[in-house]
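Okay, structure first, notes after.
The values are calculated or read from the model by the stated rules, or taken from the named source; none is laboratory data. All figures in this text were calculated on a predicted structure; none of them were measured in a lab. Glycine also receives a Cβ, built like all others from the backbone with ideal geometry; neighbour counts cover every protein chain displayed. For accessibility, only protein heavy atoms count, side chains too; no ligands or nucleic acids. Shrake-Rupley method; radii C 1.70, N 1.55, O 1.52, S 1.80 Å.
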Amino acid sequence: MHKLLTQDEINKYNAIYACGGSPEYLVDRISELNFKPIIDKYIENGRIYIGVSAGSIVASRNYNNGLCFIENNLDVHCEVETENGIINTNKDIFLTDSQAILIDGNKIGLSVNQI
């Protein structure tokens, strides 16, 4: 996120993969580059956003100027997990390293990877 990608440039890719580091840094870059409308349009066009660690946190409502794909606050790398199933929008989510959130339209689900 050091350079703004135009809508045409980003549409050449099938997925955006945003991973670890500082969520504050990622949110600042999204805000400074005004990247949210481009990512929103990208997803509306059927593309995928994959967030891991800080990349997941910026997809939540933890930061007002983040992506806010989910209306929940999110914590990652937790010892105690949020129960699997459909997510209630008024509860915080605690993800272990073996859990994932899947957003499909208006449905937000939580699952555990069976290793």
Can you tell which of Gly51, Gly105, Asn73 lies farthest toward the positive end of the dipole of the chain, using +1 and -1 charges on the Cβ of basic and acidic side chains (Lys, Arg; Asp, Glu)?
Gly105
Relative contact order for the chain using alpha-carbon pairs under 8 Å, separation at least 6, rounded to a whole percent?
18 percent
For peptides 55-68, 14-27, 96-109, sequence by mean Cβ density within 10 Å, most packed first:
55-68, 14-27, 96-109
Leaving out ligands and nucleic acids, note down the accessible area per residue over the chain with a 1.4 angstrom probe, in whole Å².
64 Å²
Magnitude of the charge dipole, the chain, Cβ model with Lys/Arg +1 and Asp/Glu -1, debye to 20
380 debye
Could you point to the label whose value was computed as log10 I(q)/I(0) by the Debye sum over Cα atoms at q = 0.11 Å⁻¹ for the structure here, given (1) -0.40; (2) -0.53; (3) -0.35?
(3)
